Every structure is written in structure tokens, then in C-alpha cells.
Amino acid sequence: MEKTGQPFRPQRGGRRGTVRTTRSSSSSSSFGSEFQSRPSSRPGPPNHNNSFIVRRSDNNNLPSKDYQRNKRVQHQQQQEEDDIMPSSSSLVGTCPFMCPVEERMQRERLRDLSVFERLNGNPGKTSPSLAVKKVEFHVRSHHKLRRCSGDPNISSMYHLNLEQLTKALTSLYDLYEANRNSQPIYENEAEFRSLHVLLHLGSDRKPMGESLSLWFRLVSSPIMKSKEMCFARRVLRFYHLGNYKRFIYTTAAEASSLQYCIVEPFINEIRAFAVSCVNYGGYKLHPYPLSDLSKLLMMKVSDVESLCHDCGLETSTDEAGNRFLPTKQTSFCHPRGGFQNYGLVGLKFL
């Protein structure tokens, strides 16, 4: 067997078995050396794939088929992520328009463009790269959509616009604070700050997710003392106290056009509250004159009569044609479909 120059030719029987035994011992020895480096692993039967045995120990003793399948799945997922995700570590987004198309076209028609938005100095022409969203567009949209909120289709648009309005105001306030060092207070800042307060009119509304008491602490003293902010705080207080006369008269005398857009839906609500107070607090034998009620609510007499009917109350007329509200009626209710659009007599900008 050990002759020089003779090729080795395994014979049948024990010699071939001896060769197998020698290889098996070699494999077992190799496995042992590999296993000794990881004493926490439990040794298994000898296996020619020494590297696989170590991997089994590192992967919670998964079977070979499951391990290979998991590796293939992980590799495929990694390839898909590489195809989807860009090579850079951060994503960069772009905004094609800083101003909605409909708003931009409307402002071109109305020639409502600032100096920086005008194309070649033309007050009636702008471009997508120049025009920016106006915080006022959403306020006036809020006013118009609120009047038609009884329509289910309009109702969803109203809530969507209100969400955009609050986001636009939040962004505007952040810009004010970011540039506070250059200017202590901006020209229209007090008015736009007051809109945040007026949006809290209603039953415990928190349109921006925080209480007003916490928000007031972040507002500078010059803004808190401004006439716009003082108006908003007084109107909010009159509303919650149920002081309908001062609520209506203060709104008519001091509200700006934008502030009125926020307050108007609550004027008819507090008017209905005033009618209920007159109805329940009056003397049954003395009907309340609608002419006096119209002065109190700053409405036309015909509109006051319609409001009483909307609230389920009856009115009466004497021989001279004077109209009255009989008191102590038990049929008072808030209209289910909402109030009609009753104007505010004496409002300075209407």
C-alpha cells in the first residue's frame, strides 16, 4: 500500500471503510475544535458542513431548511428596500405651489396681490413661484362654508378648511417667533393672534390642541394689550357668561372684517339664547314687543319674527300692526337645520 510510485487504489472491504473512518474522525476533530470556541452551544452529531453547525448555534438552533428560507426572505426584503429607498440618508420633498390654484386665480381677478407676488409689477398677474397662501383666504372660506354647513357635502369641506386654517395659523405663529429678533411685533400679528382666541368660541373648543390659559403665557405683553386681542378676550368672556347684549354690541362696534368672519356663526346662536331668556323670564300677560327685541339683537323686526318661528315660538299682532312675542311658551327649541343668515344691523363694514 505504501509502495513508491504506485497509485493508490482502494480495495473492496475494509480498506475503503478505513478511509471513511479516517475522514469521519477528521471531521469529528474539526467539529470539536469549532465547538470549543462556543462552550454554550450543545454539540450535535458529526457533520461535514462545519460552518453550518456553527450557524445553527448562532440562530437559535433553527433547522437547516428554515434557516436557508429565512436568509432568502431577508435578502429579498433588503433588495426591495434598496430599490424603494434612495441612496441618500434623508428624503427631500418639494411643494409645486405655495398658493392653491383656485386662490391664485381669484386673487388675480380681484387684483389682491402684494408687491412681492406681482409678475413684472402687474397687480393683476402672478405666477406659481411668486404667489403664497393667504392665512385670510381660509378665514373667509370658513365664513362662507359655515353658512352652508347644513349641506352634508359642504360640511366635510367646512371641517377640512377649518383644519387647514388652524395649520396655517400655527405655521404663521412659528414664523413670527422665528423672526422675533428682527421686529418686536408685526403689523397684523395682533389681529391674527386674536383669531386663535375667537376659534375657541363654542362649547370648550380647542382647535389647536391646547388650552387658552397655557397659550396666553407664550404671547408677548404688547400683543396681549393690543385692541384686537382685548376685543377677542372680551367677546369670549361675554359668550361664556351669556351676556348676549354686550356680545352683540361689542362685535358690531369693534370687530374687524376677519374677526367678524369667525364670530358671525355664534351671533345667531346667542340671539336664540336671548329669545329664550325673554320667553321664560317675561310676564305672561304682557307680550314682549318685537321692536324692542330687534334693537336688543340688532336685527330687523321681520328677521326677529323669523328667528322666533325658527325657535318654535309663536308671535302675535295687535290691531295697530305691532308684533309681539307672547312669553312663557313651552315650545322653544333650537332649529335642527341651523339658523338662517340674519344680518347685523349697524355693522360698520357691511
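The values are calculated or read from the model by the stated rules, or taken from the named source; none is laboratory data. Fair warning: this is a prediction, and the values are worked out from it, not measured in the lab. Cβ placement follows ideal geometry from the backbone for every residue including glycine, while neighbour counts extend to all protein chains displayed. Keep in mind that these areas ignore ligands, DNA and RNA; they rest on the heavy atoms of the full protein, side chains included. Shrake-Rupley method; radii C 1.70, N 1.55, O 1.52, S 1.80 Å.
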Please work out the FRET efficiency for the pair S114 and S291, using the Cβ-Cβ distance as r and a Förster radius of 56 Å; give the result to the nearest 0.05. 0.75
Summed over the other residues with a beta carbon less than 13 angstrom from that of E187, with K and R at +1 and D and E at -1, the charge totals -2
Cut-off 13 Å between beta-carbons: net charge of the residues surrounding R111, Lys and Arg +1, Asp and Glu -1: +2
Which entries in the list K300/K328; K227/K284; K225/K245 go over 31 Å, if you measure between the two C-alpha atoms of each? K227/K284
Rounded to whole Å, sorted largest first: equivalent-ellipsoid semi-axes of the range 296-335, Cα gyration tensor: 17, 14, 8
Inter-probe distance in nm under a simple model that places probes 7 Å from Cα toward Cβ, at V345 and M224: 4.0 nm
Heavy-atom surface of the range 205-309, accessible at 1.4 Å and reported per residue (Å²): 48 Å²
Share of carbon and sulfur in the accessible heavy-atom surface of the range 235-350 [1.4 Å probe, %]: 52 percent
